[in-house]
1. On the basis of being at pLDDT 95 or above, under 24 Å from T234 (Cβ atoms) and outside any helix (DSSP H, G or I), does L155 make the cut?
2. Collect the residues in segment 104-154 that are acidic (D, E), closer than 19 Å to G45 by Cα and touching a strand residue (DSSP E or B) at 6+ places or on another chain (Cβ under 8 Å), keeping them in residue-number order.
3. What strands (runs of 3 or more DSSP E) lie completely within segment 1-87 and have 3 or more residues being more than 29 Å from G111 (Cβ to Cβ) and in contact with a Pro (Cβ under 9 Å, 6 or more places away or on another chain)?
4. What number of residues within segment 206-238 are within 13 Å of D142 (Cβ to Cβ) and in contact with a Leu (Cβ under 7 Å, 6 or more places away or on another chain)?
5. Condition check: part of a loop (DSSP other than H, G, I, E, B) and in contact with a Gly (Cβ under 6 Å, 6 or more places away or on another chain). Does R276 satisfy that?
6. Taking the options D60, D4, D54, D85, name whichever one is without any contact (Cβ under 8 Å) to a residue 60 or more places away in the chain and of a type in the set (D, E).
7. Which of the residues that make up segment 240-258 are surrounded by fewer than 24 Cβ atoms within 10 Å (Cβ to Cβ) and either under 16 Å from L289 (Cα atoms) or among the acidic types (D, E) (or both)?
8. Just checking, which of A182, A193 is in contact with a strand residue (DSSP E or B) (Cβ under 7 Å, 6 or more places away or on another chain) and buried (at least 23 other Cβ atoms within 10 Å of the Cβ)?
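The values are calculated or read from the model by the stated rules, or taken from the named source; none is laboratory data. Remember, it's a predicted structure, so these values are computed and weren't measured experimentally. Reconstructed Cβ throughout: ideal geometry from the backbone, glycine too, with neighbour counts over all protein chains shown.
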Amino acid sequence: MRLDVLCIGHLDKGRIVRGTEAHDFVGGAVYFGGIVLARLGLKVGVVTRLAHGDSWMLADFHRERIEVFPVYTPQSTGIENVHPDPDSDRRTCYFLGFAGTFRPEDLPAVGARLYYVGTVMANEVDLGFLRAVAERGPLALDPQGCLRHRVGRELVTGDWPEAGEALPLVKYLKVDDREAEALTGEGDPRRAAEALAAMGPEEVVLTHHGGVVVYAGGKFHEAPFRPRSLAGRTGRGDTCFASYLGRRLLGDPPDEATRFAAALTTLKLERPGPFRGSLEEVRALMRSL
């Protein structure tokens, strides 16, 4: 089997608390990102670790004709995302469960044009696993989980001791503004993106509340998010990175892929869950960004 993208990461059997309202949800980089990539017409596979009793979380992948390679574990990963202000971009994350660290033997015997590792929890991947993935082909990495540390029940963004060895393995890197500052000490998105690129990645995708900054080939590309609401805030970065990667694989130059990703993410931010809109909606919005 030959895929366009093999997505690797935990699903999040999560919970969102927004103001006074709370509900359960399925999330994770491979969930939001995998569905976007499939909707762009790419052939997608997902490797994930989860409890057998939580196999219902795979249903959306099957509906999108995504190949699924589950590794069953005693427990699924889960995170509670608390947004005290319903209209705020900020959130506090709490630990609910952990599906264990990926091992090289979890990788299926399939090839792909790109390997996308999207982490949500500390210890989800280690340096040895990232090396095993990079040996197979180009690596795209969202290290969100690598930067998360448990302090009691809370998950707090901190440093990543293995970053210096891991980032040279990466072709495409995605971070948000807080993660970029934790890795580089730079609060300015452009300076942070340049500093990250100097550590190895060829292209850096940096998201923040107002939009996305891409640094590729020594040039910056930027586009804004302009949602009418933040009802679909969870999964913003995953959606943006996956839509950028998908359009790059489909032949777009970085500037056009950046604008496409911002438009698609804008639409996703207005609706909870993964992106369900049409590509026609995205292209129409691109013209106004």
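1. Values: at pLDDT 95 or above: no; under 24 Å from T234 (Cβ atoms): yes; outside any helix (DSSP H, G or I): yes.
Considered against the rule, which asks whether it is at pLDDT 95 or above, under 24 Å from T234 (Cβ atoms) and outside any helix (DSSP H, G or I), L155 comes out as no.
2. Selection gives D106, D142.
3. Details: elements: 2-8, 12-18, 21-27, 44-51, 67-73, 78-83.
Fully inside segment 1-87 and qualifying: 12-18, 21-27.
4. Of segment 206-238, the ones within 13 Å of D142 (Cβ to Cβ) are 206-207, 235-238.
Still in the list and also in contact with a Leu (Cβ under 7 Å, 6 or more places away or on another chain): 236.
Qualifying residue count for the region: 1.
5. Numbers: part of a loop (DSSP other than H, G, I, E, B): yes; in contact with a Gly (Cβ under 6 Å, 6 or more places away or on another chain): no.
No: the conditions fail for R276.
6. Details: D60 fails: without any contact (Cβ under 8 Å) to a residue 60 or more places away in the chain; D4 fails: without any contact (Cβ under 8 Å) to a residue 60 or more places away in the chain; D85 fails: without any contact (Cβ under 8 Å) to a residue 60 or more places away in the chain.
Within the list D60, D4, D54, D85, the selection yields D54.
7. Listed by number, the residues that qualify are D252, P254, D255, E256.
8. Numbers: A182 fails: buried (at least 23 other Cβ atoms within 10 Å of the Cβ).
Result of the check over A182, A193: A193.
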